[in-house]
Amino acid sequence: MDHVVVVGAGLAGVRSIEALRAQGYAGRITLIGQERHRPYDRPPLSKAVLLGETDSTVVDSDLDALDVRLCLGTAAKGLRDGVVETTEGEVDYDGLVIATGATPIRLRGEGRQHVLRTIDDAIALRERLVSGARVAVIGGGWIGAEVATAAARAGCAVTVIEAGETPLAAALGPDVGARTIPWYAEAGVELRLGAIVGTVDPGGVTLMSGARVEADVVVTGVGVRPAVEWLKGSGVELDDGVLVDEHLKTTLPGVVAVGDCANWWSRRFRRRLRVEHWDTALGAPDTAAATLLGEEAVYDPVPYFWSEQFGRMVQFAGHPSSGWQGPAVRLLWRGDPRTDAKWTVCWLTREDGLTALLTVDRPRDVVQGRRIIEGGRRLDLVKLADPAVSLRDC
Ligand code: FAD
């Protein structure tokens, strides 16, 4: 292999290059990225950048030392017979890494709506989060909660509009999502649940019910779609992202996919996973690089994610609805979310195995819980229910 092309200059793209070099690949590498910025990290965009604590989140990687040809401001448009078609011409490859991430979903309507995916999005939004501004955040998911946190801290009058019965209901289910409801009122944020947005209009948002939410700033945080339009008709099979096997191989020889755009087969969870988390963009490239270099590597981690909401560190590991011992059938709480500031909730299988856990300001639980999910063992539920007992000893 003489020339590897990496499409997508985000974390997964950069990590793929580092992994290729670390694993001994000495041939040419070209990195194609449609943004004009050098690769940067996205988690701080909805945290430190929105809070005005930093303007730069550039990934700490020396691309010059890695001997990479960097093509920024260049978008891939298509793929055929060993050639990537880009806005700046054609690029031949004999190994290809697809790392194009995801694009935010926008809602209907003529009004201005902010989304939060790029550093430019974050800085444009931050400029409008001024004291007294009425801010409507559409979506009470991970991003919505973080935007609400920053907007409330900037002194804005914030309304979060959520279609589900609780925040985070889609990710965690309503029982767990309900425990976060009080966080909004404490932060002075109005939370409208079961409210479905029809259109974003000048001066606010119109709900399907006909009601209006007046707003100076509207932020849409209702999810993303894998950025894979450019692969249509290329022979790379697509279904909710790029379909890859457990080695991260696509259906085209010499082509792998990583990060938010990759939909991989997990042996551990006996299902496909497409995980839009930083840890996946960080970890999957080692396997993808090994696969490109002809090694037998498998990517099968326990997914991990964190979010900083209303002054709390929220961390999650696993998959609530499936584990190797079958799906979770019940929840067990370590600590009482109604009275304790710090708590954990565990998703348990019929055999008292752990498939997932969410922790609030209990970082040790998430580290130990992730290891338990990886190892797969029966837990002592009496000990588990006692937050003073270390998870490792349950
Ligand atoms: P991306 O970072 O999206 O990079 C893909 C790159 O490819 C982009 O630069 C894009 O412009 C480029 N691209 C797309 N199409 C093309 C094309 N056709 N041609 C060329 N280039 C193209 N995860 C956590 O675990 N914890 C958090 O707290 C957290 N917070 C987040 C906050 C925000 C605001 C966002 C947006 C994400 C957050 N995430 C968080 C998720 C995490 O950042 C992503 O999972 C991670 O960025 C995925 O990396 P990636 O390289 O796969 O994709």
**OP:** May I ask you to say which residue of Val345, Val275, Val255 is of a type in the set (Val, Ile, Thr) and not assigned by TED's automatic domain parsing to the domain that holds Asp81?
**Re:** Val345
Original post:
So which residues in the stretch 206-261 are polar (S, T, N, Q), within 24 Å of Glu276 (Cβ to Cβ) and open to solvent by less than 40 Å² (accessible area, probe 1.4 Å), if there are any at all?
Top reply: Thr220, Ser234, Thr250
Original post:
What pairs can you find where one residue is in the stretch 221-247 and farther than 30 Å from Thr159 by Cβ and at pLDDT 95 or above, the other is of a type in the set (Phe, Trp, Tyr) and within 14 Å of the ligand (Cβ to nearest atom), and their Cβ atoms are less than 6 Å apart, with a gap of 6+ or different chains?
Top reply: Val244/Trp264
Original post:
If you take just the strands (runs of 3 or more DSSP E) that sit entirely in the stretch 97-176, which of them hold at least 2 residues that are buried (at least 18 other Cβ atoms within 10 Å of the Cβ) and over 15 Å from the mean Cα position of the chain (by Cα)?
Top reply: 134-138, 157-162
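With the requirement that a residue be within 6 Å of the ligand (Cβ to nearest atom) and either touching a Gly at 6+ places or on another chain (Cβ under 6 Å) or among the β-branched types (Val, Ile, Thr) (or both), what does the stretch 9-44 give you?
Answer for the stretch 9-44, where residues must be within 6 Å of the ligand (Cβ to nearest atom) and either touching a Gly at 6+ places or on another chain (Cβ under 6 Å) or among the β-branched types (Val, Ile, Thr) (or both): Ala9, Gly10, Ala12, Ile32.
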Original post:
Failed condition for Arg377, given (1) under 21 Å from Gly141 (Cα atoms); (2) basic (Lys, Arg); (3) open to solvent by 50 Å² or more (accessible area, probe 1.4 Å), with all others met?
Top reply: (1)
**OP:** Name, by its number, the condition in (1) under 30 Å from Ala151 (Cβ atoms); (2) within 17 Å of the chain's Cα centre (by Cα); (3) outside the structural domain of Asp239 (by TED's automatic domain parsing); (4) open to solvent by 10 Å² or more (accessible area, probe 1.4 Å) that does not hold for Ala356.
**Re:** (4)
**OP:** Kindly list the number of the only condition in (1) in a strand (DSSP E or B); (2) more than 30 Å from Ile196 (Cα to Cα); (3) out of contact with any Gly (no Cβ under 7 Å at 6 or more places or on another chain) that fails for Ser61.
**Re:** (1)
Original post:
Which pairs have Cβ atoms under 7 Å, sit 6 or more apart or on different chains, and link a residue in the stretch 32-56 that is part of a helix (DSSP H, G or I) to one that is near the ligand (Cβ under 8 Å from one of its atoms)?
Top reply: Pro43/Trp278; Leu45/Leu116; Leu45/Ala122; Ser46/Leu116; Ser46/Ile143; Ser46/Glu146
Subject >> Among residues of the stretch 281-335, those that are surrounded by fewer than 20 Cβ atoms within 10 Å (Cβ to Cβ) and basic (Lys, Arg), counted >> reply: 2
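Here is a yes/no grid of residues against (1) assigned by TED's automatic domain parsing to the domain that holds Leu125; (2) free of Cβ contacts under 8 Å to residues at least 24 places away in the same chain; (3) more than 27 Å from Asp240 (Cα to Cα):
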| position | (1), (2), (3) |
| --- | --- |
| Thr180 | yes, no, yes |
| Leu191 | yes, no, yes |
| Val197 | yes, no, no |
| Gly204 | yes, no, yes |
| Ser209 | yes, yes, yes |
| Glu214 | yes, no, yes |
Subject >> Of all residues in the stretch 114-137 being away from the ligand (no atom under 15 Å from the Cβ) and in contact (Cβ under 8 Å) with a residue 24 or more places away in the chain, the one that is nearest to Val200 (Cα to Cα) >> reply: Ala136
Original post:
For the subset of the stretch 252-274 comprising residues that are more than 15 Å from Ala297 (Cα to Cα) and near the ligand (Cβ under 10 Å from one of its atoms), which member is nearest to the chain's Cα centre (by Cα)?
Top reply: Asp260
**OP:** Test Thr87 against the stated conditions and say whether it is open to solvent by less than 30 Å² (accessible area, probe 1.4 Å) and on the phi < 0 side of the Ramachandran plot.
**Re:** no
**OP:** Identify, by number, the condition in (1) part of a strand (DSSP E or B); (2) of a type outside the set (D, E, K, R); (3) away from the ligand (no atom under 11 Å from the Cβ); (4) buried (at least 22 other Cβ atoms within 10 Å of the Cβ) that Leu70 doesn't meet.
**Re:** (4)
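Would a scan of the stretch 275-288 turn up a residue that is in a loop (DSSP other than H, G, I, E, B), within 10 Å of the ligand (Cβ to nearest atom) and out of contact with any Asp or Glu (no Cβ under 7 Å at 6 or more places or on another chain)? Give the derivation first.
Quick first cut of the stretch 275-288, residues in a loop (DSSP other than H, G, I, E, B) only: 275-277.
Subset that is within 10 Å of the ligand (Cβ to nearest atom): 275-277.
Adding the requirement that they be out of contact with any Asp or Glu (no Cβ under 7 Å at 6 or more places or on another chain) leaves 275, 277.
Yes - at least one qualifying residue is present in the stretch 275-288.
The values are calculated or read from the model by the stated rules, or taken from the named source; none is laboratory data. No experiment lies behind these values; they were computed from the predicted model shown. So basically every Cβ, Gly included, is an ideal-geometry build from the backbone, and we count neighbours across all protein chains shown. What goes into the accessible areas is simple: the full protein's heavy atoms, side chains included, and nothing from ligands, DNA or RNA. Shrake-Rupley method; radii C 1.70, N 1.55, O 1.52, S 1.80 Å.
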